[in-house]
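The values are calculated or read from the model by the stated rules, or taken from the named source; none is laboratory data. Note that the coordinates shown come from a computational prediction; the quantities given were computed from them, not determined experimentally. Note that each Cβ is placed from the backbone with ideal geometry, even for glycine, and that neighbours are counted across all protein chains shown.
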Amino acid sequence: MYFRLNPECYFIKGMKQGAIFDMIDCKIYALSPKETEILTSCEKNKIIDKEDDFLKELRSRTLGTFYQNKQYIQKLRFGSFIEKELNTPPEFYRAFLQINDKCDKNCWFCGYNGLKRSLGCLGCNKWENKDKPLDLKKWKEIIEELYDLGCNEIFFNGGDLSINWDETMEILEYSQGKFINTYITLHQHNLSEKIIKDLKNKTNLIIQTEDYNDIKFDNFLYLYVTKPEFLINKENIKENVMIDFIIEDKIDLDNLAKYKKDFPQFNLQSFLNNIEYHPCLGHTLTICSNGDVLSCPMMRDSNLGNLKNKTLSNIFREKFDEINKIWKLNLDNIEKCTCCEFRYICQDCRALEKKLTGRLDGKLLCNCRKEKGEV
Amino acid sequence: MNNKFKRVCMMEFETTNGNMYMWNDEVGIFVPFSDTMKAVRDEIYGENATSLEKVIKKLDFSDKGEITYCYNWLKKWEKVKNQFHNSQNHPLNSMDIKKFIRREGLKQLTLCITEDCNFRCKFCIYSDDYDYTRVHSGRKMSLSIAKKAIDYYLTLIKNNSKYNPIRKPAIGFYGGEPLLNFNLIKKCVQYVDSNYENKMLYALTTNGSLLDKQKSKWLMENDFIISVSLNGPENEHDRLRVYKDGNGSYRDVMENIGPIMEYGYENIASLPVYDLKTDLFELNNFFNEKNVPYVGMLSEVSRYQGSKYYDQFTEEDRLKFIEHLKNAKKSYWENIENRNSGKSIFDLFFIKPIRRMLFEKNMLYPQNNILPFTSTCVPGNKIFVDVNGTFHICERVSFGHPIGNVDEGLNFAKIVKLIDDYFNHMDKCHECEIQHQCSYCFQHFMTKNGFEYSSKICENREIDMKEAFVSILETAEIFSEYIDDNNYFKQNNINKYWGD
């Protein structure tokens, strides 16, 4: 008798343990080392014991079933595994446009102060920048370029984008109808009724705040900055709130669990994407207010060129190998993650990890010790 | 049976190993199947949709646990539909095509620089055996036409680089025998070097008989990808590839290839074709030799374009070849452990179709957004220029369907009309059970000036494909790990830590 997982179930092994990922119900089943061993044998088409309780359990959960003969199971996927290799355009889907660096506030969590946040890329940060910023005309040209390149998700952030609100609005309006999703990040204190009215039906508003009491609206996204120890009732956080953890310079290695977030939701598309690409860096570029093109908003040293004297197309032509190398830094390339069975559904911030470990492939912010078989 | 049933449950088949599968064309996947699954499916999607309890009661001859599993899985599988992506709506307009071509197209400009050839290959699509293609002539492309074509193509590449900045322009030289117009090749390359900054990819398809040391040296210096129509060992090559006077060409071709191989030039490939008289074992041994260029593409002599080529063969020939192919397959799989990696022509016979069927065909998406049926390219994806400067879809498609010319460029209105016409002739595709596995393209349906209906061309296609499905799945059952290793794209990551 043989047992095989169904076409919709992927079995991914870590160094010691494995997990089953159900691509239809989008559920994860973490397995013990013993269960991993049994399932490995099954997936290699080896003869098994039909009375095994674990396999019966998998069958009762409609994850796999028994067969009389050796069976070939084709796995469910999305698209083709080779089609995109044929001289197709770069798969550039997401851009951060930091349309200014300026802010007259001095928030304690600002990147300017050297503090590190888990979602700093989505929030506002002022940056030291002596270069002349790009003008409105150039931003419009960049938006045209992004549209032509097939980019479909844009995050506008600063700085304080309310400082030169008319220009911000002109850029936002110029982007209308060109992309599938656009977002703008503004600090809670910079919002006004006029701004909220101006943004209505034009873009998605992300409000940065450090005070949970500021979270009043259900129709906006909030980016709530907090230290992990202040977050008591994690379960009660509203659905429209993203938690932006402060990461201290010195991490208590025995207490990493406090940073731990739940695994993000996954689906077939994101799972297959993460087998090849980094879950965050993949398909993404950042354009700074001075025209610098970065691979990540928070990796300020990842400069790929400047748009004052080049186009994005030029940068892709000249630096595509470099860009692709960063995009394809999937978690198989990251220490620790490489031996973890959850590597294709997990989140990862390379900017933070690089700052904390000094290495592009380093990993500190995870309390799993997969290489030792620990969770 | 309602419509849902028809679309969810497609072609069923059984391998000789005793396993049942269902080809689910809506998703594009083979799924394991069983008699119980079939009975449960019939109950669920029959006229009166029913609950698990009722199904169990009705199918009391079967194991309750098995019925429960099948019921739950079929219900679960229905949810796959939520992940579907829709295809482009028809009818199309010129903008849809322009948008597609400026991003995804313009992959290659192929210049047919002469219709003349010093060979008269027995299977040539430009021979009298093919009703819908041109015939040999002494006509050559002029430098002026070549320049116009190059200018048009490279200007398109430049103007559309904002949509695809990493596209590498490629120019192919084709014939007839293109080396009969070698000076034009040289002039074209000089023209590009003097007028454009693009890093070009050059390709040449030649019969190899005129590939002397001087020409070879120049082609290698310019990094040409050289495709030689080398057809196998001497007896096989000379059976099919002969000079105008009927004499074999093997010795001349091999003499010319020798220095290129000795030099260690890697961008040279063989393009053999085979027919019912080909000895596959001899072919395989020949292409395993060190001094022979690797096989870039292996093709069966074309059965399309109004072909009469196969009229010469008897039913006995056909059956004999099928038996021969079976023996070759048996031998290949019996010796798979000792396979000489990357060199066996049998890989192209026996692994490539499996890889194509299991890993390369789209799932959930339609095969192509613009042309949801068959695997055909969108015209303009490549531009084939004949000696007069007229643009055609590709070198394999009849010239009765031009898509522009060097003076006026691509005619998008014509392309739209061509696609719509094609689409309208795909009358069987809507109900076809193997849409996601279709490998047909324009060449299979084109006549001199129009298209055949797919209901005519594909009359027995599903039956043939069912046979192919059985063959591929029963091989995959036995050699599953080897087959999965050929899913080279992502499998290495997925299969980490699978070692014993």
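To keep it simple, each residue is scored yes or no on (1) away from chain A (no Cβ under 11 Å); (2) in a loop (DSSP other than H, G, I, E, B); (3) modelled with pLDDT of 85 or more.
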residue	(1), (2), (3)
B:424	yes, no, yes
B:433	yes, yes, yes
B:471	yes, no, yes
B:487	no, yes, no
B:500	no, yes, no
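Of all residues in segment A:178-233, those being on the phi > 0 side of the Ramachandran plot and modelled with pLDDT of 95 or more number 0. Filtering segment B:164-190 to residues that are surrounded by fewer than 16 Cβ atoms within 10 Å (Cβ to Cβ), more than 14 Å from chain A (Cβ to nearest Cβ) and either touching a residue at least 24 places away in the same chain (Cβ under 8 Å) or under 24 Å from the mean Cα position of the chain (by Cα) (or both) leaves B:186, B:187.
Filtering segment B:115-146 to residues that are over 23 Å from residue B:449 (Cα atoms) and either within 14 Å of chain A (Cβ to nearest Cβ) or not in a loop (DSSP other than H, G, I, E, B) (or both) leaves B:119, B:140, B:143, B:144, B:145, B:146. Filtering segment A:1-27 to residues that are buried (at least 21 other Cβ atoms within 10 Å of the Cβ) and more than 11 Å from every other protein chain (Cβ to nearest Cβ) leaves A:3, A:19, A:20.
Of the residues A:302, A:295, only one is touching a strand residue (DSSP E or B) at 6+ places or on another chain (Cβ under 8 Å) and at pLDDT below 95; which? Reasoning before the result, please.
Working: A:295 fails: at pLDDT below 95.
None of the others qualify; the one that does is A:302.
In contact (Cβ under 8 Å) with a residue 12 or more places away in the chain, under 30 Å from residue A:276 (Cα atoms) and in the same structural domain as residue A:203 (by TED's automatic domain parsing) - does that describe any residue in segment A:126-143? Within segment A:126-143 (the criterion being in contact (Cβ under 8 Å) with a residue 12 or more places away in the chain, under 30 Å from residue A:276 (Cα atoms) and in the same structural domain as residue A:203 (by TED's automatic domain parsing)), the answer is yes, since at least one residue qualifies. Right, residue A:323: within 10 Å of chain B (Cβ to nearest Cβ), crowded, with 20+ Cβ neighbours inside 10 Å and of a type in the set (Val, Ile, Thr) or not? Yes.
Looking only at segment A:28-37, decide whether some residue is within 21 Å of residue B:17 (Cβ to Cβ), within 12 Å of chain B (Cβ to nearest Cβ) and either at pLDDT 95 or above or in contact with a Gly (Cβ under 7 Å, 6 or more places away or on another chain) (or both). The answer is no, given that none of the residues of segment A:28-37 is within 21 Å of residue B:17 (Cβ to Cβ), within 12 Å of chain B (Cβ to nearest Cβ) and either at pLDDT 95 or above or in contact with a Gly (Cβ under 7 Å, 6 or more places away or on another chain) (or both). Set side by side, the residues B:453, B:440, B:482 differ, and just one is within 12 Å of chain A (Cβ to nearest Cβ) and either surrounded by fewer than 19 Cβ atoms within 10 Å (Cβ to Cβ) or under 30 Å from residue A:37 (Cα atoms) (or both), which is B:482.
Within the set A:130, A:126, A:105, A:75, the sole residue that is buried (at least 19 other Cβ atoms within 10 Å of the Cβ), over 30 Å from residue A:53 (Cα atoms) and more than 8 Å from chain B (Cβ to nearest Cβ) turns out to be A:126. Filtered by the rule that a residue be polar (S, T, N, Q) and modelled with pLDDT of 85 or more, segment A:237-262 gives a lone residue, A:240.
Residue B:62 meets each of the listed conditions (1) surrounded by fewer than 20 Cβ atoms within 10 Å (Cβ to Cβ); (2) in contact with a strand residue (DSSP E or B) (Cβ under 9 Å, 6 or more places away or on another chain); (3) small (Gly, Ala, Ser) apart from (2). If you check residue A:314 against the conditions, is it over 17 Å from the mean Cα position of the chain (by Cα), in the same structural domain as residue A:268 (by TED's automatic domain parsing) and part of a loop (DSSP other than H, G, I, E, B)? Against the criterion (over 17 Å from the mean Cα position of the chain (by Cα), in the same structural domain as residue A:268 (by TED's automatic domain parsing) and part of a loop (DSSP other than H, G, I, E, B)), residue A:314 does not qualify.
Give the residues of segment B:227-285 that are more than 17 Å from residue B:209 (Cβ to Cβ) and polar (S, T, N, Q), sorted by residue number. Once the filter is applied, which keeps residues that are more than 17 Å from residue B:209 (Cβ to Cβ) and polar (S, T, N, Q), segment B:227-285 yields B:235, B:267, B:278, B:284, B:285. The residues on offer are B:448, B:456, and the sole one that is free of Cβ contacts under 8 Å to residues at least 40 places away in the same chain and over 20 Å from the mean Cα position of the chain (by Cα) is B:456. Here residue A:142 meets the list (1) modelled with pLDDT of 90 or more; (2) more than 14 Å from chain B (Cβ to nearest Cβ) almost entirely, failing just condition (2).
When you check residue A:305 against the structure, is it within 14 Å of another protein chain (Cβ to nearest Cβ) and either without any contact (Cβ under 8 Å) to a residue 24 or more places away in the chain or out of contact with any Pro (no Cβ under 9 Å at 6 or more places or on another chain) (or both), yes or no? Working first, answer last.
Values: within 14 Å of another protein chain (Cβ to nearest Cβ): yes; either without any contact (Cβ under 8 Å) to a residue 24 or more places away in the chain or out of contact with any Pro (no Cβ under 9 Å at 6 or more places or on another chain) (or both): yes.
Criteria met by residue A:305.
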